[in-house]
Amino acid sequence: MQLTKDQLLSANEPGLRRHESDYNHLSDKLSEAGVAVEPVVDALSKFQVAIPSWALGAGGTRFGRFSFHGEPGTLEQKLDDVGILHALTQTAGAVSLHIPWDTPTDYAAVREHAAELGLAFDAINSNTFQDQPGAVHSYRHGSLSATDEGARQQAIEHNLRVVEIGEKLGSKSLTVWLADGTNFPGQRNFQRNLVQTEDSLRQIYAGLPADWKLFIEYKPYEPNFYSTVIQDWGTSFLLANACGDRAFTLVDLGHHLPNTNIEQIVSTLMLKGKLGGFHFNDSKYGDDDLTVGSVKPYALFLIFNELVYGMRNNPQNPDLAWMIDASHNVKDPLEDLLQSLEAIQLAYARALLVDQDELATAQGDHDVVRCQEILQNAFRTDVRPLVERARLSRGGALHPLGAYRQLDVRRELVRERGKHTVATGL
Ligand code: RM4
Ligand code: MN
Ligand code: MN
């Protein structure tokens, strides 16, 4: 299923007058406050976030999985779903594949289909946290950190194979997330595991094409509950440094212990030119994979404020690979992704409104109250008309979620695919 321009135009029609007056009102207010509105809308319209292939079906938990009707049963259908998101929002112009969940069979066809939908292939993800059918070695006791040479080599080779797959699709980066760790004190030797991991990552890095980047994720716990080999940004940072210039840390919002100051982590990494990618989700307790912005919208804004600062002031840091990394077991996955894309754009828009010069002056004057006011004024601005304007300028929907429901997209998908399809993924 694909959405047509005409469908979107007619869905937009009834709301256009309201939008026009909201936009003019906000734009006047912002201009009076000295904000140039057009560059903000322009930045918003260029911002693209990759959709992970595993978020298009309903996710499961340790206790079960309830499939969502009309889930994409093939990679082609997954691309169709991302195409729908992109047609509605104009901000989901890329897909991030997870291998082997979504290994293509016909590369030319997959590339062509993605191009038709206006989609590029962003970072590709390896999976050494599950044993695949027919695998010679098990990852039960680790993958890239394994002391069992067979398992470790198999994991290294898998990553190199993932790079080959990505090359055929036009990806330019590999994301490694390791589940390796322990459940019991004394189970394994911390130093040996770290040494093995560093050695494995260096071998993978050595096999990357010259124009590729390596992104290294970190996470404090889960699936292991006593220790994780790459537990925090510091460990990821030192491993990225050990690999080389094209290896970077990847920050996943859910991979922090409660109350961690993520904005400060982002700021440090960008200063050092080592923030490569970013995974969006929200969390209350841990890696909950909740919808980004649904639990801590102010924290998301503060993180974006540092990202915007870094994008403006840290040319030493590369352009970031943005991806939504969430998994939901009760919502329509596409509706959830639409909510995520909206929350990301809103946080970005607010961060773009922060007057960095004024903030620097207030910081210099030690005017703490003013500093807080500057941030909160931006956060309290209803920026929805700016985000709408950015979408409209690219031919997207005024209200993506409303249009999705009005056009009855899920019903159409169920009609095409049936009720009982199951998407690969978590
Ligand atoms: C992990 C991590 C990775 C993702 C997997 C599915 O927790 O966030 O980015 O690939 O989940
Ligand atoms: Mn992630
Ligand atoms: Mn995660």
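Could you tell me which of HIS86, ALA349, LEU174 has its Cα farthest along the dipole of the chain towards the positive end, charges placed at Cβ (Lys, Arg +1; Asp, Glu -1), taken about the Cα centre?
With unit charges placed on the Cβ atoms, the residue in question is LEU174.
Using a Gaussian network model of the chain whose springs link C-alpha atoms within less than 10 Å, name the residue from ARG62, ARG152, ARG202 with the highest mean-square fluctuation.
ARG62
Based on the alpha carbon coordinates of region 212-289, what radius of gyration and maximum Cα-Cα distance (Dmax) apply, in Å?
When restricted to Cα atoms, region 212-289 yields Rg and Dmax of 12.1, 34 Å.
Any idea what the dipole of the chain comes to, in debye rounded to 20, about its Cα centre with Lys/Arg Cβ at +1 and Asp/Glu Cβ at -1?
540
Taking amide H positions as placed 1.01 Å from N in the peptide plane, with prolines and chain starts having none, which residues 5 or more places from PHE248, or on another chain, fall under 5 Å of its amide H?
Amide H neighbours of PHE248, under 5 Å, 5+ apart: LEU214, PHE215, ILE216.
Give the share of C-alpha pairs in each 5 angstrom bin for region 1-121, from 0 to the last occupied bin, in whole percents, shortest bins first.
2, 9, 15, 16, 15, 12, 10, 8, 6, 4, 1, 0
Could you report the chain's accessible area per residue, 1.4 Å probe, as an integer in Å²?
Here the residues of the chain average 45 Å² of exposed surface.
How big is region 269-424 by Rg and Dmax over its Cα atoms, in Å?
When restricted to the Cα atoms of region 269-424, Rg and Dmax are 18.5, 63 Å.
Could you grab the relative contact order for region 11-80? Cα pairs under 8 Å, six or more apart, rounded to a whole percent.
About 15 percent, as a whole number.
Measure off 7 Å from each Cα along the Cα-to-Cβ vector at SER21 and VAL295, then give the distance between these two points in nanometres to one decimal.
So the two model labels end up 4.0 nm from each other.
Using helices alone, what [θ] at 222 nm do you get for the chain, with -39,500 (n - 2.57) per DSSP H run of 4 or more residues, divided over all residues and rounded to the nearest 500?
Helix contribution divided over all residues of the chain: -15000 deg cm²/dmol.
So how long is each side of the chain along the principal axes, counting just the alpha-carbon atoms, biggest first, in Å?
65, 61, 41
Contact order normalised by length for region 134-202, with contacts defined as Cα pairs under 8 Å and 6 or more residues apart; what percent is it?
41
Let me check I've understood the local charge: for THR381, count other residues with C-beta under 11 angstrom from its C-beta, Lys and Arg +1, Asp and Glu -1. What total comes out?
Around THR381, the surrounding residues sum to +3.
Identify which of SER31, SER227, SER96 has the largest mean-square fluctuation in a Gaussian network model of the chain, with springs joining Cα atoms closer than 10 Å.
Comparing SER31, SER227, SER96 in a Gaussian network model of the chain, the most mobile one is SER31.
Compute the semi-axes of the equivalent ellipsoid of region 45-181, taking the square root of 5 times each eigenvalue of the Cα gyration tensor, and list them largest first in whole Å.
Each semi-axis is √(5λ); the values are 28, 18, 13 Å.
Karplus couplings for region 202-208 from phi (6.51 cos²θ - 1.76 cosθ + 1.60, θ = phi - 60°), rounded to Hz, Gly and Pro as x?
Whole-Hz 3J(HN,Hα) from phi for region 202-208: 5, 5, 5, 4, 5, x, 6.
Once you've got the Cα coordinates, tell me which of LYS46/LYS213; LYS29/LYS272; LYS219/LYS274 are over 29 Å apart.
LYS29/LYS272
How many percent of the accessible area of the chain is carbon or sulfur, using a 1.4 Å probe?
That fraction is 51 percent.
In the Gaussian network model of the chain, springs joining C-alpha atoms below 10 Å, which of LEU16, LEU392, LEU257 carries the largest mean-square fluctuation?
LEU16
May I ask for the percentage of alpha-carbon pairs in region 113-217 that lie more than 20 Å from each other?
Tail of the P(r) past 20 Å holds 42 percent of the pairs.
If R₀ is 41 angstrom, what is the calculated FRET efficiency for the pair ASN259 and GLN132, using the beta carbon separation as r and rounding to 0.05?
The calculated FRET efficiency here is 0.65.
For THR105 and GLU412, what does the FRET efficiency come to when R0 = 35 Å and r is the distance between their Cβ atoms, rounded to the nearest 0.05?
It comes to 0.85.
Apply the Debye scattering formula to region 166-302, with a single equal point scatterer on each alpha-carbon and no solvent, then give log10 I(q)/I(0) at q = 0.15, 0.21, 0.22 Å⁻¹.
Those come out to -0.77, -1.29, -1.35, one per q.
Could you size up the charge dipole of region 140-260 around its Cα centre, putting +1 on the beta carbon of Lys and Arg and -1 on that of Asp and Glu, and report it in debye to the nearest 20?
Here the size comes out at about 40 debye.
I'm a student and want to see the number: the projected area of the Cα convex hull of region 1-42, averaged over all directions, in nm².
3.9
Please give every one of the lysines within straight-line cross-link reach of LYS419, meaning a C-alpha to C-alpha distance under 28 Å, and leave out same-chain neighbours fewer than 8 residues apart.
Candidates past the 8-residue exclusion: LYS5, LYS78, LYS331.
Provide, as a two-decimal number, the C-alpha radius of gyration of region 243-336 over 2.2 N^0.38 Å, N being how many residues it has.
1.11
The values are calculated or read from the model by the stated rules, or taken from the named source; none is laboratory data. Model, not experiment: these values are computed from the prediction. Neighbour counts run over all protein chains shown; Cβ positions are idealised from the backbone, glycine included. Please note that ligands, DNA and RNA were not included when accessible areas were found on the heavy atoms of the full protein model with its side chains. Shrake-Rupley method; radii C 1.70, N 1.55, O 1.52, S 1.80 Å.
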